[in-house]
Amino acid sequence: MDWPKGFDGLCYGGDYNPEQWPEEVWKEDVELMRRAGVNLVTVGVFSWARLEPSPGVHDLGWLDRVLDLLHAGGIRVDLATPTASPPPWFGLAHPDALTVTADGVRLTHGSRDTYCVSAPPYRDASVRIARTLAERYRDHPALAMWHVHNEYGTACHCDHVAAAFRTWLAGRHGTLDALNDAWTTSFWSQHYSAWEQVMPPRATQYLPNPSQTLDFRRFVSDAMLDHFRAQKAVLRELTLDVPVTTNFVFGDWVPVNQRHWAEEVDLVAIDHYPAADPPQETAFAADLARLWAGGGRGC
Ligand SMILES: [Zn+2]
């Protein structure tokens, strides 16, 4: 399984966010896409607040109509799980699931990508909304692929993360002595005598420990991968024949180890920003994506 369901050749399209437009224009959207040769669109990336306007209350009728319209126009759907941006009500109900920066600032809603993959309420809610979508659209003829989340990249530094980081470190290093040795904590009086003293790399007075920072990036990648896997398991359970992927991004701000993640996605996908990035960087990212995909076809 390595290609969107229903395709054998080139897929052409992009993100389609019909919830940002009056419903009256949707028919015209589809007609224009059809004329442009579009045959696959990603839908629903940032739709959580529209799909679940209040806790446990779903409004999927508009998405039904979007998928039906696209199908009637011969356009298939890469259906997103909307977990990259939880609704405002979610953060108010679960403030511990909002991102905490390295400076200790707890962020709030009002932008996008404000979440903590180590917070149990967020992980549970992510699986629930993925299941809701899979149950609703598992047999929809337009469904070609699952697009889990969007551009994984928000690193949190909260107490949930601190606890999960320590567990991850114990798995990696075994003992606290081994961690002290690997992190060279004899330097600058950083030696740890109990696991509870070990923290994510929060703001500190001067240069942070580079080994701690490196391990944290590895941990963040693995924590996000666990979040992806939890959704993938639900989607696979309900739609066995529909590929599941997420969109990688290129850049040193991205805490995801794409090479490792590539083993977990059914096909490798990557976002390019050619209007913003130098052409050589876009080409390099495309080459990397091909590598992550094992040198085969990409999307
Ligand atoms: Zn957190």
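For region 81-98, which positions are closer than 15 Å to His160 by Cα, of a type outside the set (D, E, K, R) and surrounded by fewer than 21 Cβ atoms within 10 Å (Cβ to Cβ)?
Within region 81-98, His94, Pro95 qualify.
Among the numbered conditions (1) within 16 Å of the ligand (Cβ to nearest atom); (2) in contact (Cβ under 8 Å) with a residue 60 or more places away in the chain; (3) assigned to a helix (DSSP H, G or I), tell me where Thr83 comes up short.
With (1) within 16 Å of the ligand (Cβ to nearest atom); (2) in contact (Cβ under 8 Å) with a residue 60 or more places away in the chain; (3) assigned to a helix (DSSP H, G or I) applied to Thr83, the lone miss is (3).
If a residue has to be of a type in the set (A, V, I, L, M, F, W, C), open to solvent by 20 Å² or more (accessible area, probe 1.4 Å) and within 14 Å of the ligand (Cβ to nearest atom) to count, how many in region 99-139 make the cut?
3
Considering Thr154, Thr167, which residue is within 15 Å of the ligand (Cβ to nearest atom) and free of Cβ contacts under 8 Å to residues at least 24 places away in the same chain?
Thr167
Looking only at region 163-194, which residues are touching a Leu at 6+ places or on another chain (Cβ under 7 Å) and outside any loop (DSSP other than H, G, I, E, B)?
Leu169, His173, Leu179
Could you list, ordered by first residue, the pairs with Cβ atoms under 8 Å in which the first is in region 224-248 and farther than 27 Å from Val161 by Cβ and the second is of a type in the set (D, E, K, R) and in a helix (DSSP H, G or I), at least 6 apart or interchain?
Between residues of region 224-248 that are farther than 27 Å from Val161 by Cβ and residues that are of a type in the set (D, E, K, R) and in a helix (DSSP H, G or I), the close pairs are Leu238/Arg131; Leu238/Glu135.
Would you check which residues across region 86-101 are in a helix (DSSP H, G or I) and over 18 Å from the mean Cα position of the chain (by Cα) and list them?
Pro88, Trp89, Leu92, Ala93, Pro95, Asp96
Could you list all residues from region 208-235 that are surrounded by fewer than 18 Cβ atoms within 10 Å (Cβ to Cβ), over 15 Å from the mean Cα position of the chain (by Cα) and either part of a helix (DSSP H, G or I) or acidic (Asp, Glu) (or both)?
Once the filter is applied, which keeps residues that are surrounded by fewer than 18 Cβ atoms within 10 Å (Cβ to Cβ), over 15 Å from the mean Cα position of the chain (by Cα) and either part of a helix (DSSP H, G or I) or acidic (Asp, Glu) (or both), region 208-235 yields Pro210, Ser211, Thr213, Leu214, Arg217, Arg218.
This table checks each residue for (1) under 23 Å from the mean Cα position of the chain (by Cα); (2) modelled with pLDDT of 95 or more; (3) within 24 Å of Leu238 (Cβ to Cβ).
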site	(1), (2), (3)
Pro22	no, yes, no
Val30	no, yes, no
Leu40	yes, yes, yes
Gly61	no, yes, yes
Arg65	no, yes, yes
Leu79	yes, yes, yes
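Name the residues in region 47-80 that are part of a strand (DSSP E or B), open to solvent by less than 50 Å² (accessible area, probe 1.4 Å) and farther than 13 Å from Tyr137 by Cα, would you?
Correct list: Ser54 only.
Would you check if Pro18 is touching a Phe, Trp or Tyr at 6+ places or on another chain (Cβ under 7 Å) and open to solvent by 50 Å² or more (accessible area, probe 1.4 Å)?
For Pro18, the condition - touching a Phe, Trp or Tyr at 6+ places or on another chain (Cβ under 7 Å) and open to solvent by 50 Å² or more (accessible area, probe 1.4 Å) - is not met.
Go through (1) part of a helix (DSSP H, G or I); (2) surrounded by 17 or more Cβ atoms within 10 Å (Cβ to Cβ); (3) out of contact with any Ser or Thr (no Cβ under 6 Å at 6 or more places or on another chain) and name the single condition Asn150 misses.
Among (1) part of a helix (DSSP H, G or I); (2) surrounded by 17 or more Cβ atoms within 10 Å (Cβ to Cβ); (3) out of contact with any Ser or Thr (no Cβ under 6 Å at 6 or more places or on another chain), the lone unmet condition for Asn150 is (1).
The values are calculated or read from the model by the stated rules, or taken from the named source; none is laboratory data. All values reported here derive from a predicted model rather than from experimental measurement. Heads up, the Cβs are rebuilt from the backbone with ideal geometry, glycines too, and the neighbour counts pull from every protein chain shown. Keep in mind that these areas ignore ligands, DNA and RNA; they rest on the heavy atoms of the full protein, side chains included. Shrake-Rupley method; radii C 1.70, N 1.55, O 1.52, S 1.80 Å.
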